[in-house]
Structure formats: C-alpha cells, structure tokens
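A short write-up of the structure that comes next.
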Amino acid sequence: MLVGLVGIPSSGKSTMFKALTLKDVAIADYPFTTIKANEGVSSVAIECPCKELNVKCNPKNSECRDGMRHIPIKLLDVAGLVKDAHKGRGRGNEFLDDLRQASALIHVLDVSGKTDSEGKLGIGNPEENVKILENEIDYWIFGIVQKNLGKIERTAAAEKTPLQRLLAEQLSGLGVNENDIKTALDKEKPETLEFARELRKISKPIIVAANKIDIPEAQKNFEKMKDGIENIVPCSADSELALKEADEKGLIKYDGKDFEILGQVDEKQNAALEFIKKNILEKYGSTGVQECLNRTVFEFLNMIVVYPVENENRYSDKKDNVLPDAIILKKDSTTMDLAKAIHSDIAEGMIGAIDARTKMKIGKDHELKGGDIIKIIFKG
Ligand SMILES: Nc1nc2c(ncn2[C@@H]2O[C@H](COP(=O)(O)OP(=O)(O)O)[C@@H](O)[C@H]2O)c(=O)[nH]1
Ligand SMILES: [Mg+2]
C-alpha cells in the first residue's frame, strides 16, 4: 500500500513529506526493499492491544510508543501537478505514472490563497484547485479507458464476455477490479468523462489537507470551504515539521497532540512554540498531518490491523516476542487472507485458526475484526 501526496507547487508537499517521514519507525524487518528518491516511510498509528491486555510488547515490524502502535506505510511525494498535466504539461507524464501506484491520495492544498494554480505567489483559489486536481486525474483515467474502448466493446459483444471483465484487464494497473468497473458501468456509460470520474472515486480516494492553516486567511478560507468538500482536514505541515524537529533535538516531548518543553529554548523558539500551541493544537486538536494519513488508511482505504501470534496464551511468536507483528489488511479479510499475508506456505498448509482473546477455534473463512490477535494453525 502506498499513499501519494499531490498538489500544485508550493502547496507544502515536501514539507508534509518531510514531517511524515522524519525519524519515523525504526524497524528490524524492514518491509520495503526498494525506495526511490521521492519515496519515504511514514507510519499510521493505532492503539496497541498491549494496554488492554496489560502485557509488555516487543514489536518487530512496527513500533509501540506510549501504547500507540506505529505501523509503516510507504509515502510518495508526487511532484508536477499543474493544469493540463494529462496533456503532458509540466512533468505531467511522470506525475501520472506515480499516481498509478498510489492506493489513495492526500491533496496538499494551500488554503491561504497566496499561491495561484501554478504555485506562484499571487491570488489563488483553493476551491478551484480542488477541482483542477480532480479533473486532471479524471482526464487521465478517461484517456486510458478510451484507448481501446471500441475494440474492447466489439470483442465483448462477439465473445459474449462481460464488458467489465475486459475493461478490468486494461485497467488492472490502476487498481480497479471487475466489481469496481461494474459499479461504475451501472452509473455511467464507458465513453464518458463521468465514467472515469466514478473510477477515480473508487481507485484513488482523495483526502484534502487544508494546509497552511496557521495563516489567518487560511482559517477564513477553510471555514468557507469545509462544508462543500467531503473529506477535508485542516493542517499545518510547517508546524508539524517544527514540532518533530524540536522533539528530535530533545527540546520538547511531542506526542502528536500536545508538547512539553524539556530543554533550553530561546525567546524566538518559545514564541514559535507558543504560537503553534495556541493557534493550531488548541484550536484544531493537532497539526492535522498525521490525521490525514490515519484517516486515509483506516477510513478511506478501509483497513484494519491484525496481530498474528504463534502462542495464543502468551500472544507471542516462537522467540517469545509479545505482539511482534501488526498486519494491515482490508476490512472484510478472513483468517485465510491473514495467512496469505504472512506467507504462502502458511496459507497452503492452513487448517484453521485460534482467536487468542477467546481461545476459540475459528475457520479459514472467519472474518477478522480490527485488533484481532490470531494464531494460524497449519501443517508445516
Ligand atoms: N505558513 C505555512 N507555510 C508552509 C506550510 N507548509 C509549507 N509551507 C511553506 O510553503 C512553501 C512551499 O513548501 P514546499 O513543501 O516546498 O511545497 P511543495 O512545492 O508543494 O513541495 C515553503 O516556504 C514552506 O515553508 C504551513 O503549514 N504553513
Ligand atoms: Mg516539493
């Protein structure tokens, strides 16, 4: 799973990217083999079961800080969005290529209205920029669908194959399946832009990070916009970065919601910290940056976290590491899906599973809930 940060130049993508990937989870089993220049590792945070079970955990693929489990997520800084990117403007083609890999997008939007739609200083229209981004993606998907549509429709008719099946093959790189396409086909005709828009809503859900909320004009603009846009979170990437850096230097202890001053801060630093506390943390509850990523993964992508164990009594693996791994799965996943996510050999030899909380035996097609602790029983 990969989440992309998109937005026009100067909206704050790199700042947000840096804030989200700064000194993040230190992990023994590094799960991502290749990291490109614009890729980084961030994490989503969720309450760890160690608190409720009153055990001390030893995480391997994730980290537990103050009872919160931080699970790594790959993040992509997708640069190059300008109007007409789908026609190759700016770094349009690169931009769209990067988009293909993303499961969801965070649209970093400068709501201060101080940058125009090209990222230059001037009068910007944040609402219009939301539309520009959606349109660019819609036109890009539209272009892919139209490419062979005539031929695909003729083949579907001649072979009596459902159109969605043939389209699914063409669009597999976009992360849409046959069912998704059927859903879109039920609403719109495939030759329309509206059809592409339906596919975009399914395959690239977008959360809007209303960034630069520390600027007074941004707060005014946000109030005007927030009811008209479904998924919008007020953010201050600059503040998040400043807090994380101060935490790293040992000046403050920052827990994502509030901070405590620990070290020697000079007058200027103190004023900056006070400003963030009063105008961001107390007003909005957080800088919004981590919330964007958490909501993207758990709300829009409908993911849950499950903990596989080998010893259901000690909630541990063979080496007695308690709650070693946190696995992110789709909401309707089964114990078999969990087995597959661990190892194909385990899935092949799987007999059943045990719910470690209740110690009850469960089947291969048992649907998992978020926070489940599961032992897979398999023939090795
Ligand atoms: N006031 C304010 N400025 C920000 C915020 N986030 C980013 N910026 C500034 O906006 C400018 C562009 O940021 P950058 O991350 O390079 O944008 P990018 O082009 O989208 O990658 C920089 O001067 C940042 O310091 C924020 O939350 N508040
Ligand atoms: Mg940048």
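The values are calculated or read from the model by the stated rules, or taken from the named source; none is laboratory data. Predicted, not measured: the structure shown is a model, and the values here were computed from it. Cβ coordinates were reconstructed from backbone atoms using ideal geometry, including for glycine residues, and neighbour counts include every protein chain displayed. Protein only, heavy atoms only, side chains kept; ligands, DNA and RNA dropped before computing areas. Shrake-Rupley method; radii C 1.70, N 1.55, O 1.52, S 1.80 Å.
Only one of Ile351, Ile328 is open to solvent by 20 Å² or more (accessible area, probe 1.4 Å) and either of a type outside the set (Val, Ile, Thr) or under 27 Å from the mean Cα position of the chain (by Cα) (or both). Can you tell me which? Unique residue meeting the criteria: Ile328. Among the candidates Lys375, Lys361, the residue that is open to solvent by 70 Å² or more (accessible area, probe 1.4 Å) and either in a strand (DSSP E or B) or within 12 Å of Val305 (Cα to Cα) (or both) is uniquely Lys361.
Note on the stretch 200-230: residues that are within 16 Å of ligand 2 (Cβ to nearest atom), closer than 26 Å to Asn302 by Cβ and open to solvent by 20 Å² or more (accessible area, probe 1.4 Å) amount to 0.
Residues that are crowded, with 24+ Cβ neighbours inside 10 Å and within 20 Å of Asn135 (Cβ to Cβ) were ranked within the stretch 1-20; the one that is farthest from ligand 2 (Cβ to nearest atom) is Gly4.
Meeting the requirement of 2 or more residues that are of a type outside the set (A, V, I, L, M) and more than 29 Å from Ser14 (Cα to Cα), the helices (runs of 4 or more DSSP H) wholly within the stretch 135-237 are 149-159, 163-170, 178-187, 193-203. Restricting Leu81, Leu96 to those that are surrounded by 17 or more Cβ atoms within 10 Å (Cβ to Cβ), modelled with pLDDT under 80 and either away from ligand 1 (no atom under 16 Å from the Cβ) or in a helix (DSSP H, G or I) (or both) reduces the list to Leu96.
Cβ separations smaller than 9 Å between residues 6+ apart or across chains give the following pairs from the stretch 210-239 residues that are within 16 Å of Asn125 (Cβ to Cβ) to residues that are among the polar types (S, T, N, Q) and in a helix (DSSP H, G or I): Ala210/Asn221; Asn211/Thr15.
Please state which one of Asp247, Asp238 is modelled with pLDDT under 95, acidic (Asp, Glu), surrounded by 14 or more Cβ atoms within 10 Å (Cβ to Cβ) and within 24 Å of Val289 (Cα to Cα). Walk me through how you get there before you give the answer.
Working: Asp238 fails: modelled with pLDDT under 95.
The unique qualifying residue is Asp247.
Total residues in the stretch 322-358 satisfying the condition of being part of a strand (DSSP E or B) and charged (D, E, K, R): the figure is 2.
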